[in-house]
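A quick write-up on the structure given underneath.
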């Protein structure tokens with residue numbers, strides 16, 4: 001954990017912010033490469049990507065507040081932590097997706113091809129974001145005394161509440177590696193002949209399945225659970241798991257629809 005990359009006097013450069021910037025840059029070039037191959041308008045898509053980023057960041061933080069409302073009411077200072085953490089990814093994904101739908105409709109862009117271009121870029125950008133989570137000390141795993149690849153945090157400068165000096169499941173690293181692999185896989189699949197909409201649907205199904213399983217290993221508090229609490233993860237259902245299930249269902253439906261539509 002290394003929440004501050006650079007500190008000069010009173011100025012501090014958060015590592016999480018730098019990782020997000022790197023993710024945005026990589027996502028931009030991946031999206032630009034695919035958009036150029038699909039002969040989509042690069043200027044319009046660049047503007048859409050910039051606007052969507054801001055909307056997604058707002059959505060991620062709003063859903064974090066909703067799912068952890070009791071924590072923020074008890075200690076309003078926790079709101080400051082959001083400046084160095086990722087927020088809730090599904091909040092960003094939902095807000096960003098809704099804006100993309102609006103923007104595509106407004107600019108009269110081809111809906112499914114644009115989503116296919118976005119999927120690999122989002123996955124790779126998300127990988128960098130999860131490494132930012134590792135540096136900031138958020139989105140940590142459950143205590144894992146017998147896990148051979150556990151990770152232990154020691155930096156007392158963190159304000160996220162991550163347990164210190166105990167082995168935890170390396171959830172941030174695992175998700176970063178998964179998203180990077182998924183993004184690169186989707187990128188190369190995009191280069192092959194495919195039905196419009198299939199790339200994005202594979203992203204929804206792939207990330208949805210991974211996130212549903214990974215939630216059992218997450219240990220950060222106040223995540224919002226249905227039918228129980230985080231002390232009984234296998235008999236309960238977290239809000240991200242519910243959203244993951246919806247993503248899987250939507251992905252399956254979109255895959256079938258895209259195949260029929262373009263046949």
Full extension between residue 106 and residue 252 adds, at 0.36 nm per residue less the Cα distance, a length in nm of 49.9 nm
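Would you list 26, 246, 138 from fewest to most Cβ contacts within 10 Å?
246, 26, 138
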Simple spin-label estimate for residue 4/residue 227, 7 Å along Cα→Cβ, in nm, reads 4.5 nm
Gyration tensor (Cα) of the chain, equivalent ellipsoid semi-axes in angstrom = 32, 21, 17
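Using a Förster radius of 35 Å, what is the FRET efficiency between residue 147 and residue 189 based on their Cβ-Cβ separation? Nearest 0.05, please.
Approximately 0.60, to the nearest 0.05.
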Measuring from label point to label point, each 7 Å out along Cα→Cβ, what is the residue 51 to residue 235 span in nm?
-> 4.9 nm
Helix axis angle, 198-214 relative to the chain longest principal axis, alpha carbon, degrees = 20 degrees
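Going by how many other Cβ atoms sit within 10 Å of their own, how do 217, 16 line up, fewest first? It would help to have the intermediate numbers written out before the result.
Details: 217 18, 16 24.
Starting with the residue having the fewest Cβ neighbours, the order is 217, 16.
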Contour minus Cα-Cα distance for residue 165 and residue 39 (0.36 nm per residue) = 40.2 nm
Comparing 129, 161, 23, which has the greatest mean-square fluctuation in the GNM of the chain with Cα pairs linked when under 10 Å apart?
-> 161
Arrange the following residues from fewest to most other Cβ atoms within 10 Å of their Cβ: 10, 185.
-> 10, 185
Okay, helix-only estimate at 222 nm for the chain: each DSSP H run of n ≥ 4 adds -39500 (n - 2.57), divide by all residues, round to 500 deg cm²/dmol; what do you get?
-> -21000 deg cm²/dmol
Once you've got the GNM for the chain with C-alpha springs shorter than 10 Å, pick whichever of 100, 66, 149 has the biggest mean-square fluctuation.
-> 149
Rounded to one decimal in nm, the spacing of the 7 Å Cα→Cβ label points at residue 65 and residue 260 is 4.1 nm
For helix 239-261, what angle does its Cα long axis make with the longest principal axis of the chain, in degrees from 0 to 90 and rounded to 10?
-> 10 degrees
Which of 242, 182, 57 moves the most in a Gaussian network model of the chain with Cα springs under 10 Å?
-> 242
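Computed from the coordinates by the stated procedures, all read-outs in this text should not be read as laboratory data. Values in this document were obtained by computation on a predicted structure and should not be read as measured data. Cβ sites come from the backbone with ideal geometry, for glycine too, and all protein chains shown count toward neighbours.
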